[in-house]
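Colleague: The structure is given below, and queries will be raised subsequently.
The values are calculated or read from the model by the stated rules, or taken from the named source; none is laboratory data. Keep in mind it's a predicted model, so treat the numbers as computed, not measured. FYI the Cβ positions are ideal-geometry reconstructions off the backbone, even for glycines, and counts take in every protein chain you see.
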Amino acid sequence: MRGVAGVGLFNTHAELPSRPFRRSFDRRRSLVAGGLDLKICPRVHFKAVIVDGAWAYLGSANLTGAGLGAKAPGRRNFELGFCTEDYDTVDRSKALFEAVWSGAECASCRLRRVCPDPIGKAPERSLVRLGRSRRLRLY
């Protein structure tokens, strides 16, 4: 997907974003018009910004007032993050994001039953033979 000026924003959330986030998002007409694509995965906790596959920010901060330091000094979280152009680090980060984004991790996920919107296909039921006559049904 490409939005304004050929830029695509792809965002994963562990759950549906908060109402304040959604209200703020809805006021950004360029994003509403197609500049942001969102997928939900309850196992996502990493924070990464990857630009053109060549630069990355990796860190712990949630996109909240406390996480970004916008709260009062006594209410800010202690966060850590870094920027890099190291090809191996950027490439591995991008590969993890793409695996989650594409649903490649969904089939083996133990949270699939509680996931509000699984990205990948459900695993097919199959039989695994154990010895000659015993069978184990996999789900």
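Colleague: I need the full set of residues from region 25-53 which are in a helix (DSSP H, G or I), surrounded by 12 or more Cβ atoms within 10 Å (Cβ to Cβ) and among the charged types (D, E, K, R), in order please.
Modeller: none
Colleague: Scanning region 111-127 for residues that are assigned to a loop (DSSP other than H, G, I, E, B) and closer than 12 Å to Cys41 by Cα, which turns out modelled with the lowest pLDDT?
Modeller: Filtering first and then ranking leaves Gly120.
Colleague: Do we find a residue being under 20 Å from Gly120 (Cα atoms), surrounded by 15 or more Cβ atoms within 10 Å (Cβ to Cβ) and touching a helix residue (DSSP H, G or I) at 6+ places or on another chain (Cβ under 7 Å) anywhere in region 54-67? First the steps, then the outcome.
Modeller: Going residue by residue through region 54-67, those that are under 20 Å from Gly120 (Cα atoms) are none.
Taking every residue of region 54-67 in turn, none turns out to be under 20 Å from Gly120 (Cα atoms), surrounded by 15 or more Cβ atoms within 10 Å (Cβ to Cβ) and touching a helix residue (DSSP H, G or I) at 6+ places or on another chain (Cβ under 7 Å).
Colleague: Any residue that is within 29 Å of Lys121 (Cα to Cα) and surrounded by 14 or more Cβ atoms within 10 Å (Cβ to Cβ) - is there at least one of those in region 69-82?
Modeller: Within region 69-82, not a single residue is within 29 Å of Lys121 (Cα to Cα) and surrounded by 14 or more Cβ atoms within 10 Å (Cβ to Cβ).
Colleague: Within region 1-24, take every residue that is surrounded by 14 or more Cβ atoms within 10 Å (Cβ to Cβ), in contact with a helix residue (DSSP H, G or I) (Cβ under 7 Å, 6 or more places away or on another chain) and at pLDDT 75 or above and give me the one that is farthest from Pro116 (Cα to Cα).
Modeller: Going through the qualifying residues, I end up with Leu9.
Colleague: Being touching a Phe, Trp or Tyr at 6+ places or on another chain (Cβ under 9 Å) and modelled with pLDDT of 80 or more is the filter; apply it to region 62-88 and report the residue that is nearest to Phe46 (Cα to Cα).
Modeller: Here the answer is Gly81.
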